[in-house]
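K.L.:
My questions all concern the structure below.
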Amino acid sequence: MLLKFGLGILMSLAIIIGFLYPPPLPGQDWAEASRIFYYHVPMALVSFLAFAHSMALSVQYLRKRSAISDHRAALAAELGLVFCFMAMVTGSIFAKVAWGTFWNWDPRETSILVLLVIYGAYFALRNAVPHAERRAAFSAVYSIMAFVTVPFFGFIVPRIYESLHPENTLVSEGQINLGGYVAVVFLMSLVSFASIYSWLFNIANRAIGLEQRRLEESYVDRLA
Amino acid sequence: MSDLVRKVLSLAAKDVRCELRTRYALNALLMFAVVTLVVIGLTAGQGEHSSHMHASLIWIVILFSLMQALSGGFVKEEESGTADTLRVYAEPRVVYLGKLLLGLALAWALLIVLVPLYMILMDLDVNSISQFLLCLLLGSTGIAASTTLIAAIVSRASIKGALFAVLSFPLLLPVLLSAIFATEVVLRGGEWNDMWPYVKILIAYPIIVVTVSYMLFDYVWEG
């Protein structure tokens, strides 16, 4: 309860400070727009975290075969998909402001799109398999397979697309000086977003636990 | 070990024999490739195309044709009700490797028909035919190898065709992109050194995906 209010205050502070405190980036005409850095990058990082979490839960499902790990893996993937989508939308808005188009196949745009497609396919698969245990096993296997391919995108996508759009890559973000205020505000925002993820995960996880218990009880009732 | 090889080969031989008798996948695959190629030839056959355009077109035809056929190996077993018999008689790893060989055979059969036709219909000149064939062979091997496990998953889902393409796409993207760019280098008449990074991916990626699939196949097949 207390933690919830603490999180609310921390998040509000991170938003307010992000807009007011750090100096805008000098020497760019989109200097003020660079503040999106404090919201966009943490969301992207949290979505990677959520997908890694989902993969770990999938491995756990295949080892232990407990339905609850499968529900949790789907939940983590769902939350990751939300964060991933928000990161893509905010990034796209920034691209419009900084480079003039919403989408230009920049390596990072491409890789986040691929991530969205992977987890979109993950949910399409879940919807297409009616049998619960089979669905759990198949989606866990798919999640692991997809995770194995991700490092290749890190290697191959920049190699191909940087050569096509050298002027438009996010390298300019490397010029953002990660010192002093910037680092503090960024970390604050990152911690807030990560806490929001774990808070949401925790609520839905409790719902999963209750649902599971209800199912077991109704099963026991039917036996009696 | 040699026992495993013998079993895998006999399973693959059974599948190839069935395929040659019924033409379950082969006719659809080849006709799909020819039809797509004719559409491309009619709409874009005239005029000069850049090497990048040719590389993209030929790989799009190969990709979509293979998407029609590669799920067939498993789907056919489920539809004809022979999958359970196969579960009784063969170990999972034998089934996986056997179906992998069938997929490779289909992919190579497609190349034999498609590549000469494409070169004739689209008036394509290739400087180094051996490097061109190497790219095509490695790329289609990669496509067949990385979709075998997905085919096994899809064969037991309620919708099959669309789901196969959707699930395969992310796994195929590294193969497809490297294959297109390697082919582009060949068609442009580029150096082997420009091609080598892509060829490295085309060799490494299927090995990794097949290894992971081999480890995970039990969960899909017996589930």
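K.L.:
Just need a number here: residues in the range B:33-60 that are open to solvent by 60 Å² or more (accessible area, probe 1.4 Å) and of a type in the set (Val, Ile, Thr).
P.N.:
5
K.L.:
Please work out if A:Phe155 is farther than 19 Å from A:Leu115 by Cα, among the aromatic types (Phe, Trp, Tyr) and modelled with pLDDT of 65 or more. Let's see the steps before the verdict.
P.N.:
Working: farther than 19 Å from A:Leu115 by Cα: no; among the aromatic types (Phe, Trp, Tyr): yes; modelled with pLDDT of 65 or more: yes.
Judged against the criteria, A:Phe155 is not a match.
K.L.:
Out of the range A:95-128, which residues are small (Gly, Ala, Ser) and away from chain B (no Cβ under 14 Å)?
P.N.:
Hits for the range A:95-128 are A:Ala95, A:Ala98, A:Gly100.
K.L.:
As an exercise: evaluate A:Val97 against (1) open to solvent by less than 60 Å² (accessible area, probe 1.4 Å); (2) closer than 20 Å to A:Arg35 by Cα; (3) hydrophobic (A, V, I, L, M, F, W, C) and give the number of the one condition it does not meet.
P.N.:
Only one criterion is unmet by A:Val97, namely (1).
K.L.:
Filter the range B:63-96 down to the residues that are farther than 15 Å from B:Ala28 by Cβ and buried (at least 22 other Cβ atoms within 10 Å of the Cβ) and list them by number. Spell out how you get there, then give the answer.
P.N.:
The initial filter retains those residues of the range B:63-96 that are farther than 15 Å from B:Ala28 by Cβ, namely B:63, B:74, B:77-78, B:80-96.
Correct list: B:Phe74, B:Val95, B:Tyr96.
K.L.:
Does at least one position in the range B:148-163 carry a residue that is in contact with a Pro (Cβ under 8 Å, 6 or more places away or on another chain), more than 10 Å from chain A (Cβ to nearest Cβ) and modelled with pLDDT of 90 or more? Before you say what the answer is, go through the steps one by one.
P.N.:
Start the filter on the range B:148-163 by keeping residues that are in contact with a Pro (Cβ under 8 Å, 6 or more places away or on another chain), which leaves B:158.
If we keep only those that are more than 10 Å from chain A (Cβ to nearest Cβ) too, we end up with none.
The answer is no, given that none of the residues of the range B:148-163 is in contact with a Pro (Cβ under 8 Å, 6 or more places away or on another chain), more than 10 Å from chain A (Cβ to nearest Cβ) and modelled with pLDDT of 90 or more.
K.L.:
Given the options A:Ser92, A:Ser47, A:Ser58, A:Ser69, name the one that is within 13 Å of chain B (Cβ to nearest Cβ) and of a type outside the set (A, V, I, L, M, F, W, C).
P.N.:
On the way: A:Ser92 fails: within 13 Å of chain B (Cβ to nearest Cβ); A:Ser47 fails: within 13 Å of chain B (Cβ to nearest Cβ); A:Ser69 fails: within 13 Å of chain B (Cβ to nearest Cβ).
None of the others qualify; the one that does is A:Ser58.
K.L.:
In the set A:Ser47, A:Ser58, A:Ser66, which member is among the hydroxyl-bearing types (Ser, Thr, Tyr) and open to solvent by 30 Å² or more (accessible area, probe 1.4 Å)?
P.N.:
Numbers: A:Ser47 fails: open to solvent by 30 Å² or more (accessible area, probe 1.4 Å); A:Ser58 fails: open to solvent by 30 Å² or more (accessible area, probe 1.4 Å).
Of the residues listed, the single one that is among the hydroxyl-bearing types (Ser, Thr, Tyr) and open to solvent by 30 Å² or more (accessible area, probe 1.4 Å) is A:Ser66.
The values are calculated or read from the model by the stated rules, or taken from the named source; none is laboratory data. It should be emphasised that the depicted structure is a prediction, and the values quoted were computed from it without experimental measurement. Don't worry about glycine lacking a Cβ; one is built from the backbone with ideal geometry, like all the others, and counts go over all protein chains shown. Please note that ligands, DNA and RNA were not included when accessible areas were found on the heavy atoms of the full protein model with its side chains. Shrake-Rupley method; radii C 1.70, N 1.55, O 1.52, S 1.80 Å.
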